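The values are calculated or read from the model by the stated rules, or taken from the named source; none is laboratory data. Quick caveat, the model's predicted, so the values are computed rather than measured. Because the Cβ atoms are built from the backbone with ideal geometry, glycine has one as well, and the counts that use them run over all protein chains shown. Calculation scope for accessible area: heavy atoms of the full protein, side chains included, ligands and nucleic acids excluded. Shrake-Rupley method; radii C 1.70, N 1.55, O 1.52, S 1.80 Å.
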Amino acid sequence: MRADVCVVGGGPAGLALALMLLRSGMRVVLAEKSTGLRREFHGEILQPGGQRVLDELGVLGAARARGACVLDGFQVLERERVLLDIDYGRLDAPYDHLLALPQPHLIAELLDACTRLSGFTYLEGHRISALVEQRSGGPYRGAVLRGPDGGRVTVHAPVVVGADGRFSKTRALAGIGAGRSESFAQDVVWFALEAPGRATGKVRVHRVGGSAVLVHDAYPDRLRIGWTLPHGGWSGAVERGIEAIRDELAAVLPHVADLLHAQLTSLSRLSLLDVFAAHATEWVRDGLVLIGDAAHTHGPIGAQGINLALQDAAVLHPLLVEGRPLAGYVAQRAPVAERVHRMQVMQARAMLGPAAGPVTSFLRAGAASLVTRTPIGAKLTRTIAEGPRVVPVRTDLFTVGVAAA
């Protein structure tokens, strides 16, 4: 099989990049190991920067129509006192909100858009097993894939894009270090509750005692909840049992205690996210490039993962179409990833660290209110929402299947 680009990983970034390349007249083979859009839990909150990329691709509206929740801001509360209130209404429309969009909805729309264009080959249920090398250590000129029946497919392409997540097999096959660092003091246990009529329209972090719990609306009529634990503390939680976990969560979230007691009846309802940061030792080699979590992994605070990955794709697209050096991609995106990492570490310490006493909480609330009501707060909101700079899609390079403006 031959293509101009072989993309490994059919998440939002891999599919968005494939769609950009297809619309620029290139041939793309995309391999995705899962089947039938069945995917383990992934973050689903889209920041305005990611929304902008998808909108410029012409897929955001249709993906949103499949079902989503609009969130107008982000709050941190301690003992019911609002410490931080970031209002996305301060941003310019139409990107003046967060969007909780289930990933299957987004992936289905991106995949449909790709499938409608010629030059696209989608290899569902295929895992990368080797890189095609001209000699040991590169340059790379394709990938060997294993199908669900064990059959082998060799894709010959001048460029392989690893978009296969934080445990990237593409990266590992190239012998590139993940650059993992234990920058965060917490892991997160995720679960969802059926919660008709309980929507808040916000992302909230509730802090009581030593616990911090993230809560946001999710489609349809659910609450997505992330319970933070000390890094490596999951085994101790399991030993305490589901009843103790439920009681601790109910103390932090008394407004949904009834839902917790009715629905959180088994440890099987909980999914542990091992929270860590990573910055791959190399992002680019001759014929190989890593994007999204394969290149840089971030924590869940600030919902930056999908945002950054989609912007990676938008920056890489013109370089591939115009045949320019891929080092330009690293020069643009690596400083952004590092800046977001530093910001997330500070946010995690401030939002998820040990609870303060009443006096300190009062002072923190006053300081946070002052910051969020001034131009400093507006700048902070824009940085979290869009990143250090807006990343446009180079729609001028589209020659086929151009989305309506």
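If the chain between Arg324 and Asp286 were fully stretched, how many nm would it gain, using 0.36 nm times the residue separation less the Cα-Cα distance? Using 0.36 nm per residue and subtracting the Cα-Cα distance, I get 12.5 nm.
Note on Ser235 and Ala378: the extension gain reaches 47.4 nm, defined as 0.36 nm multiplied by sequence separation minus the Cα-Cα distance. Considering the dipole of the chain built from charges on the beta carbon (Lys and Arg +1, Asp and Glu -1) around the Cα centre, which of Val132, Leu22, Val275 is farthest to its positive end? It is Val132, whose Cα lies furthest towards the positive end.
Taking Cβ atoms as reference points and 10 Å as the exclusive limit, the residues near His279 contribute a net charge of 0, counting Lys and Arg as +1 and Asp and Glu as -1. The relative contact order of the chain, computed from alpha carbon pairs under 8 Å that lie at least 6 residues apart in sequence, is 24 percent.
Between the DSSP loop rule and a limit of at most 10 other Cβ atoms within 10 Å, which GluC sites (Glu not before Pro) in the range 69-144 are left? Here the sparse-neighbourhood loop sites are Glu80.
Rounded to the nearest 0.05, what FRET efficiency do Ala62 and Leu117 have when you use their Cβ-Cβ distance and R0 = 25 Å? So, using R0 = 25 Å, E works out to roughly 0.95.
Summarising the label geometry, the points placed 7 Å from Cα in the beta-carbon direction at Ser271 and Ala199 lie 2.2 nm from one another. Of all complete DSSP H helices in the chain, those with a Cα span along the helix axis of 24 Å or greater and a mean Kyte-Doolittle hydropathy of 0.0 or more are 305-322. A Förster radius of 35 Å combined with the Cβ-Cβ distance from Gln134 to Glu182 puts the calculated FRET efficiency at roughly 0.40.
As a length-normalised measure over Cα pairs under 8 Å and 6 or more apart, the relative contact order of the range 154-238 settles at 27 percent.
Spacing of the modelled spin labels on Glu124 and Ala334, each 7 Å from Cα toward Cβ, amounts to 3.9 nm. Subtracting the Cα-Cα distance of Thr399 and Ala192 from 0.36 nm times their residue separation leaves 70.3 nm of extension gain. In units of the compact-protein estimate 2.2 N^0.38 Å, the chain shows a Cα radius of gyration of 1.00.
Considering helices alone, the calculated mean residue ellipticity of the chain at 222 nm is -10500 deg cm²/dmol, with DSSP H runs of length four and up weighted by -39500 (n - 2.57) and normalised per residue.
For the chain, the share of accessible area belonging to carbon and sulfur comes to 54 percent (1.4 Å probe, ligands and nucleic acids excluded).
Kirkwood-type hydrodynamic radius, the range 89-202: 18.7 Å, calculated from all non-identical alpha-carbon pairs.
Dipole magnitude for the range 1-78: computed about the Cα centre from +1 point charges on Lys and Arg Cβ and -1 point charges on Asp and Glu Cβ, it is near 460 debye.
Using the 1.4 Å probe convention, the accessible area of the chain works out to 42 Å² per residue with neighbouring protein chains retained.
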